[in-house]
Structures are given as C-alpha cells and as structure tokens.
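A.B. asks: Below: one structure in structure tokens.
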Amino acid sequence: MLDLKFIRENPQIVKEAIARKREKDRVDEILQLDGERRELLQKSETIKSERNQIAGDVAKLKQQGKDASELIAQGKLKGDSIKGLEDELKSVEDKLNDLLLYIPNVPHATVPVGASSDDNKEVKKWGEVRRAGDFDFRLLDHLALGEKLGILDFARGGKITGAGFPVYVGKGAALERALINFMLDLHVNNHGYTEIFPPFVVNKASMRGTGQLPKMAEDMYHCEIDDLYLVPTAEVPVTNLRRDEVLPVDQLPVKYAAYSACFRREAGSWGKESRGFLRVHQFNKVELVKMVKPEESYHELEKLVVDVEEVLQLLNIPYRVMLLCTGDLSFSAAKCYDIEVFAPATEARGGWLEASSCSNFESFQARRANIKFKREPKAKPEYVHTLNGSGLATSRLMVALLENYQTPEGKVVVPKALHKYTGFTVIG
C-alpha cells in the first residue's frame, strides 16, 4: 500500500506508475475521497469545539443556579451532528481504504520502462547453454522422460485431483525431496537464513498484508467455510509472522527461508503453455524473505539474487538473470529480477523458464501488514522494507534438471550436489 500523503503530493507519479503497470487508475477518486475525509474531519472538530464550549457554559449556569435546559438541548443537537459526521466519515474512509488496496507499487527509477516481458533486460547469463542441436541424440522433454522413467505421473494426478496436480513416483519423489532439503540447507547454513516451516493455509489479513488480496483473489484457492486461503507461496505466511510488530533495529536484517507447497488457480492463464510442469496448480518452493532497513534494501536485493544463483551454480544448470520492465513487474514490487533456467528440450517453446523471482517491495507490504522497526528505543517507528525471492521453485527447476542431465540411454544423471541427499547418482 502506498502512503496516502505520497499519493496526495505526487499524483502524477502514481498515475504514471499505474499506467506503466497496466492497472486501473483510481487516483482521482482517491483524492476526491481524501478531500471529503479531511472536510468531514474539520467539520467534526469544529462542532466538537462548539459542543465543548456549550458544556462549559452549562457548567457555569448550573454553578449560578440558572436554567441551562436550552444550552443542554443545543449540546445534544451538536452531539447528534457529530454522530452523523462520524458515520459519514467511516463510510468515506472505508471506501478510501478499499481503493488504496488496488493502487500498485511505484517502480524504482532503475526499472526499465516497457510494455511486456519482451522489454525485460538481460543482466547476466551463466553456464553452458546446450541447445537441442548440440546433443548427439534425440532429446526427450521432461514430461516424456519422466513418464518413460516412471518418476512422474501427471495422468494419475489428473485422475485423483485434476489437471495441473503432479504426482512424483519413486526416485522422482526422492529427487524432489532432495532438491528441497539441499536448498534449505544451503540457505540456512551458508547464507544465514533462519528456517521456518509455516502453515499452508492463511487468513484474509495475511493475504491482504502481502498484496494478494483483493487484487488477485480469483487466482487463489479459498476455503469458504473457514474463510482461509491455501498459500500461493510461503512469502505470505512468513512475511506475516511479523505483522503488527515493531522490531528492534538490532534484529535487522531479518532473513527467513521456508519450504511450502504452493497453490494457484491461475484463473487468468487460460491458453498459456501447460504441458507437464510448465504450468501447474500445485508445486513446491523454497522461499526467501527479508525485512531490512530502508536504506539497505536495494543492496539486500542484489545479495538475494546471488543467494539464489548459487543454487543453480552448484547444480550446474545454465541460467540467466532478467531485470523486469514496468509492464512485467508485479502489482506489489518496486523492482524485480527473474532468474530463468534453460531447458533444451523445451527450446521450441522458448527454452528459458522462470524458476525464481527476487523482488524488493520497499515499504509497500510493510505498510499493509504494519511491520515497523525502531532505530532507537525512543525513536518513532518506521516501516521496514520487505523482500522475497524464490530460492527456488522446484517445478521449473525439475524441467531443466531432467532435460540437461539426460543421457543417450534415456537415463538421468543426478547432479553431484544432490548425491548425499538422494543416495543414488543415476535415475534409469
């Protein structure tokens, strides 16, 4: 959520941000309601002052033994007017607060202006990118390879739940578990994150705090009876761990790493590529969340990207880092890097697959979730800056791993970094 004062003082900046993020412009309506709110507040304060004056006059008349009934009646009318204004004020403030939840974050000055993912900027590429033509045998894509090896079963996943819910079998299940444990250990032991194992369902306040509600309600799985939501990412429960808290400055930066299953309806994604893991409704992910001092947040964003990159470097999977343009930037983010892995058998569909997004939300989420810190014990609380990154999502990572590590015999070599987690070195 943006600061209302910032919107009031910088309406054109906010309007430009909304346009560049391709959201609906509600700024004029917000400013109108803000004006009504301030006018109602002023009227209420004026009448309260008048009522207080009357109360004082009533007290004097009573002390003098005089009749104060007329002034008492006037005071009651003032009280009724105040009650009416307060009711009207609450209605205006509710409308205003609702509209503020639909205003996206303002992109950072270093974010390139663009309309779509075509305008994203490649800032780094790592590893040997082997395309399908570089192999001396016919590559199988991850779906065909997984079915041939008996380690993935999308058909039975569809039978027991529906399309987009994969089943891992045998060494496929073990490989998935190995990836999760490997990433958690790396981030906790090498990068200094504290491990969290959060609930996989959250309340409405948590979803609102990180920006999923109300904007993306249709993409979320909602349990109506309990009014709870399946988590779209561990970012939601982990960030909300500190909701409505004021952190001592010596606790910053807060760094959490958490595994969760992730659930997304993807209601607005009809027609997009959906073979195998390319678009699923349930997947696994290790999430990294940071809460930092505002002046350090962009340095911490760069460090976050480096932490994610090390996962792929240790697995020896080629990747590239993309700086997202304004038109591809998420609703809540001020700046974001996507880390994309290369899958050679998926080259006909572009080859590059997003496996991680690393974002700086500045104070946008902290303002919604009311997460603050104090620089000194008696200092005024300030909003922290929050960041998060996928460290990583296993679904697209599994695609790249299977396709890059397959052999002419149709087997899959397990990356060396995972050997101690799998207990085997080859799937076949």
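The values are calculated or read from the model by the stated rules, or taken from the named source; none is laboratory data. What you are looking at is a predicted structure, and each value in this text was computed from that prediction instead of being measured. For neighbour counting, all protein chains shown are included, and Cβ atoms are generated from backbone atoms with ideal geometry for every residue, glycine included. Ligands, DNA and RNA are excluded from the accessible area calculation, which covers all protein heavy atoms including side chains. Shrake-Rupley method; radii C 1.70, N 1.55, O 1.52, S 1.80 Å.
A.B. asks: Going by Cα centres, the range 31-65 and the range 157-202 are how many Å apart?
C.D. replies: Spelled out, the Cα-based centre of one part sits 60 Å from the other.
A.B. asks: Next question, about the same structure. Please give the FRET efficiency for SER81 paired with GLU16, using the beta carbon to beta carbon distance and R0 = 45 Å, rounded to the nearest 0.05.
C.D. replies: The formula returns an efficiency of 0.65 here.
A.B. asks: How big is the charge dipole of the chain about its Cα centre, in debye rounded to the nearest 20, if each Lys and Arg gets +1 on its Cβ and each Asp and Glu gets -1 on its Cβ?
C.D. replies: Details: 61 positive and 63 negative charges, 97 e Å.
Dipole of the chain, to the nearest 20 debye: 460 debye.
A.B. asks: If you take the square roots of the eigenvalues of the alpha-carbon gyration tensor of the range 134-284 and sort them as a ≥ b ≥ c, do you get rounded (a/c under 1.5), prolate (a/b over b/c) or oblate?
C.D. replies: Oblate, since a/c reaches 1.5 and b/c is not below a/b.
A.B. asks: Here is a further query. Within 10 Å of each candidate Cβ there may be at most 11 other Cβ atoms; applying that plus a DSSP loop requirement, which trypsin sites (Lys or Arg not before Pro) in the range 221-313 survive? Please report the intermediate quantities before stating the final value.
C.D. replies: Details: sites: ARG242, ARG243, LYS255, ARG264, ARG265, LYS272, ARG275, ARG279, LYS285, LYS290, LYS303; in loops: ARG243, ARG264, ARG265, LYS272, ARG275, ARG279.
Counting only loop positions with at most 11 other Cβ atoms within 10 Å, the trypsin sites (Lys or Arg not before Pro) in the range 221-313 are LYS272.
A.B. asks: Counting only pairs 8 or more residues apart or on different chains, how many lysine pairs in the range 46-154 have their Cα atoms under 19 Å apart?
C.D. replies: Value for the range 46-154: 11.
A.B. asks: Okay, moving on. Quick check: residue separation of ALA217 and ARG130 times 0.36 nm, minus the Cα distance between them. What number comes out in nm? Numbers along the way, then the final one.
C.D. replies: Working: separation 87, 0.36 × 87 = 31.32 nm, distance 3.97 nm.
Contour length minus the Cα-Cα distance gives 27.4 nm.
A.B. asks: Among [x] 24; [y] 37; [z] 28, only one was calculated for this model; which label is it, if the read-out is percent of Cα pairs over 36 Å apart?
C.D. replies: [y]
A.B. asks: Something else about it: Taking all protein chains as present, what is the carbon and sulfur share of the accessible area of the chain, in % to the nearest whole number, probe 1.4 Å?
C.D. replies: Ligands and nucleic acids excluded, carbon and sulfur reach 48 percent.
A.B. asks: Still on this model: Could you do me a favour and compute the accessible area per residue for the range 153-202, 1.4 Å probe, result in Å²?
C.D. replies: That works out to 49 Å² for each residue.
A.B. asks: Please calculate the 1.4 Å probe accessible area of LYS124, with all protein chains present, and give it to the nearest 10 Å².
C.D. replies: Probe radius 1.4 Å; accessible area of LYS124 about 80 Å².
A.B. asks: Please label the shape of the range 1-148 as rounded, prolate or oblate, based on the square roots a ≥ b ≥ c of the eigenvalues of the alpha-carbon gyration tensor (a/c under 1.5 means rounded; beyond that, a/b larger than b/c means prolate, else oblate).
C.D. replies: On the way: a/c = 5.63, a/b = 3.78, b/c = 1.49.
Here the range 1-148 falls in the prolate category.
A.B. asks: Using a Förster distance of 25 Å, how high is the FRET efficiency between LYS43 and PHE6, based on the Cβ-Cβ distance and rounded to 0.05?
C.D. replies: Efficiency at R0 = 25 Å is approximately 0.45.
A.B. asks: Note the angle between two axes, namely the Cα long axis of helix 27-63 and the longest principal axis of the Cα atoms of the chain, as a number of degrees from 0 to 90, rounded to the nearest 10.
C.D. replies: 30 degrees
A.B. asks: Same structure again: Applying the Karplus parametrisation 6.51 cos²θ - 1.76 cosθ + 1.60 with θ = phi - 60° to the phi angles of the range 357-372, what ³J(HN,Hα) value in whole Hz is obtained for each residue in order, glycine and proline being reported as x?
C.D. replies: Each residue of the range 357-372 in turn: 10, 10, 10, 10, 9, 6, 9, 4, 6, 4, 5, 5, 8, 6, 10, 10 Hz.
A.B. asks: Under a straight-distance cross-link criterion of Cα-Cα below 26 Å, which lysines are reachable from LYS374, leaving out those fewer than 8 residues away in the same chain?
C.D. replies: Partners within reach: LYS5, LYS255, LYS290, LYS293, LYS303, LYS335.
A.B. asks: Multiply the residue separation of SER116 and THR161 by 0.36 nm, subtract the distance between their alpha-carbon atoms, and state the gained length in nm to one decimal.
C.D. replies: Difference between extended and current length: 12.9 nm.
A.B. asks: Counting other Cβ atoms within 10 Å, which chymotrypsin sites (Phe, Trp or Tyr not before Pro) in the range 137-227 have at most 11 and lie in a DSSP loop?
C.D. replies: Working: sites: PHE137, PHE154, TYR168, PHE182, TYR193, PHE200, TYR221; in loops: PHE137, TYR193, PHE200, TYR221.
Those satisfying the criteria are PHE137.
A.B. asks: So which GluC sites (Glu not before Pro) in the range 184-243 are both in a DSSP loop and have at most 13 other Cβ atoms within 10 Å of their Cβ? Mind dumping the intermediate values first?
C.D. replies: Details: sites: GLU195, GLU218, GLU224, GLU235; in loops: GLU224.
Here the GluC sites (Glu not before Pro) that fit, given the DSSP loop and packing criteria, are GLU224.
A.B. asks: In a GNM of the chain with a 10 Å cut-off on Cα contacts, which of LEU77, LEU96, LEU323 has the highest mean-square fluctuation?
C.D. replies: Comparing LEU77, LEU96, LEU323 in a Gaussian network model of the chain, the most mobile one is LEU77.
A.B. asks: Please give the calculated 222 nm ellipticity per residue for the chain, where each DSSP H segment of at least 4 residues contributes -39500 (n - 2.57) and the sum is spread over every residue; nearest 500 deg cm²/dmol?
C.D. replies: -12000 deg cm²/dmol
A.B. asks: Among GLY146, GLY327, GLY56, which one shows the biggest mean-square fluctuation in a GNM of the chain, springs joining Cα atoms closer than 10 Å?
C.D. replies: In this elastic network of the chain, the residue with the biggest mean-square fluctuation among GLY146, GLY327, GLY56 is GLY56.
A.B. asks: Let me ask you something else. State in Å² the accessible area per residue of the range 1-58; use a 1.4 Å probe, count heavy atoms of protein chains only, and round to the nearest integer.
C.D. replies: For the range 1-58, the solvent-accessible area averages 61 Å² per residue.
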